[in-house]
Amino acid sequence: MKTPLRILFFLLLGFTAHGGEPGSLVTTAFVDVTVLPMDAERTLPRQTVLVRGDRVIAIGPVGELSVPADARRIDGTGRFLLPGLGEMHGHNPPPGSSRRAIEDNYFLFLANGVTTVRGMLGYPGQIELREQVARGEIAGPTLYLAGPSFRGPSVGSPQQAERMVREQKAEGWDLLKVHPGLRRDVYDAMARTADEVGIRFAGHIPADVGLVHAIARRQETVDHLDGYIEHLDAETRPLDPAKLAEIVRLTREAGVAVVPTMVLWEAIIGSANLDEMTAFPELKYMPPATVAAWTRNYAAQTRAPGFDRSRAAQIAASRRVVLKALADGGVTILFGTDAPQIFSVPGFSIHREMQAMAAAGLSNYAILRSATANIGDYFKAKDRFGTVAVGQRADLILLEANPLADLRHLTRRTGVMVRGRWWSESELQARLAVFSGNAH
């Protein structure tokens, strides 16, 4: 073993924290694996990756990096190791959910390689859920949570907005959630106080605020591409290329990121195919009453007087053009699906979302990066993750085939590691089988 790797290895033994198996510092070795570090579009063949506790502690070529005798060895021959995926617009189970419903919600993410979730609507008690997951008491992805949302009916004055920001900061929420309906003066009070106390704000674009003003106030993420179609007046006609280029420039220069949620929004606007959605096999993991409500509501929406299917189709097409322009224009894209929402099942929704992003013209690497390195960079003040590198949180997916060649290979898992805790695919499937067909 080369000296620099040896020195780095032993220095990091004292650096690592406890992983997903509380009270232990298990060493795991992925041996002879092809690494997709996701810091660039490249692969590193025939590597050994060592994990101790919840950190990657060493990476080196097979034969140059020795494996401790007591390490758990995972054969990487012919396999591909990449960072765990992030979900930047997910949701916790609502208040009143059973313990099992909470645990199943988080496990569905984990079972699909989602190791980080930004929860975008907080309720009392959810901060404790975040800590229970972090301690390994609930199996699930690392959670970063927005507090109760700032929406028109709940925040009626600048003074109330300022008070809510200070309260949520003191309570320990990770960010503020913006919902529709805020007046501009209330939004500005929220933004000003958030800057003052040091907390982020993200989410929707209230109509009274408008996209340009939200960008100027440096709202950190615009979720669902909210406000772009309205700003571009592209609900019933093609986009104006010059106006599109200008809003892309403003978004990039302000450092504002976008979370597209392409598939979910097609269901929201009514451009999706109901028969196709009701045939999704992953719906077996959702409560039957929930699926029935989704089906009933979507059917009612698309059959209602005044529903314009051509308008919905135009909005969907315009959203694809906007996403491609933002990505090509250097705007940071952060992956998200808004699960669980209408026909969007936690974890499983990532595969449909990636195909939708590919249909908009994004490369496989750009899509994977939006779910890995970009999310790690967004949360860099909280922790280090999102790439396969020494010192990074050990959130990893081991695959049988290269997802850079085909995004569908993300379903060909050998296993998932979250905060250093290894879940083999057989373990994941065994637990899924427990509530398959018996969703509650």
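Tell me, please, whether a residue that is closer than 28 Å to Phe379 by Cα, open to solvent by less than 40 Å² (accessible area, probe 1.4 Å), in contact (Cβ under 8 Å) with a residue 12 or more places away in the chain and of a type outside the set (A, V, I, L, M, F, W, C) can be found in segment 319-333. Yes: one or more hits.
Taking every residue in segment 56-72 that is under 18 Å from Leu36 (Cβ atoms) and pairing it with any residue that is part of a loop (DSSP other than H, G, I, E, B) and of a type in the set (Gly, Ala, Ser), at least 6 positions away or on another chain, the pairs with Cβ-Cβ distances below 6 Å are Val56/Ala394. Scanning segment 188-208 turns up one or more residues that are among the β-branched types (Val, Ile, Thr), more than 23 Å from Ser318 (Cα to Cα) and over 20 Å from the mean Cα position of the chain (by Cα). Of all residues in segment 88-116, those satisfying the criterion of being closer than 19 Å to His179 by Cβ and within 12 Å of the chain's Cα centre (by Cα) are Met88, His89, Gly90, His91.
Hey, does segment 337-347 have a residue that's farther than 21 Å from Ile367 by Cα, hydrophobic (A, V, I, L, M, F, W, C) and open to solvent by 60 Å² or more (accessible area, probe 1.4 Å)? No, every residue in segment 337-347 fails to be farther than 21 Å from Ile367 by Cα, hydrophobic (A, V, I, L, M, F, W, C) and open to solvent by 60 Å² or more (accessible area, probe 1.4 Å). Scanning segment 416-431 for residues that are of a type in the set (Gly, Ala, Ser) and without any contact (Cβ under 8 Å) to a residue 40 or more places away in the chain turns up Ser424, Ser426, Ala430. Looking across segment 352-380, the residues that are more than 18 Å from Pro83 (Cα to Cα) and either open to solvent by 40 Å² or more (accessible area, probe 1.4 Å) or assigned to a loop (DSSP other than H, G, I, E, B) (or both) come down to Arg352, Gln355, Ala359, Ala360, Gly361, Leu362. Being modelled with pLDDT under 95 and either surrounded by fewer than 19 Cβ atoms within 10 Å (Cβ to Cβ) or in a helix (DSSP H, G or I) (or both) holds for only one residue in Gly437, Gly391, and it is Gly437.
Across segment 399-418, not a single residue is classified as closer than 20 Å to Ile57 by Cα, charged (D, E, K, R) and buried (at least 16 other Cβ atoms within 10 Å of the Cβ). Look at (1) more than 24 Å from Gly181 (Cβ to Cβ); (2) hydrophobic (A, V, I, L, M, F, W, C); (3) modelled with pLDDT under 95 and you find that Val248 fails only one, number (3). The set of residues in segment 383-440 being under 19 Å from the mean Cα position of the chain (by Cα) and either among the aromatic types (Phe, Trp, Tyr) or more than 24 Å from Met88 (Cα to Cα) (or both) consists of Phe385 alone. I'd like the full set of residues that are within 13 Å of the chain's Cα centre (by Cα), within 13 Å of Gly86 (Cβ to Cβ) and not hydrophobic (A, V, I, L, M, F, W, C), limited to segment 331-345. Within segment 331-345, Gly336, Thr337 qualify.
The values are calculated or read from the model by the stated rules, or taken from the named source; none is laboratory data. Note that this is a predicted model, so its numbers are computed, not measured. When we count neighbours, we look across all protein chains shown, and the Cβ atoms used for this are built from the backbone with ideal geometry, even at glycine. SASA here: full protein model, heavy atoms, side chains in, ligands and nucleic acids out. Shrake-Rupley method; radii C 1.70, N 1.55, O 1.52, S 1.80 Å.
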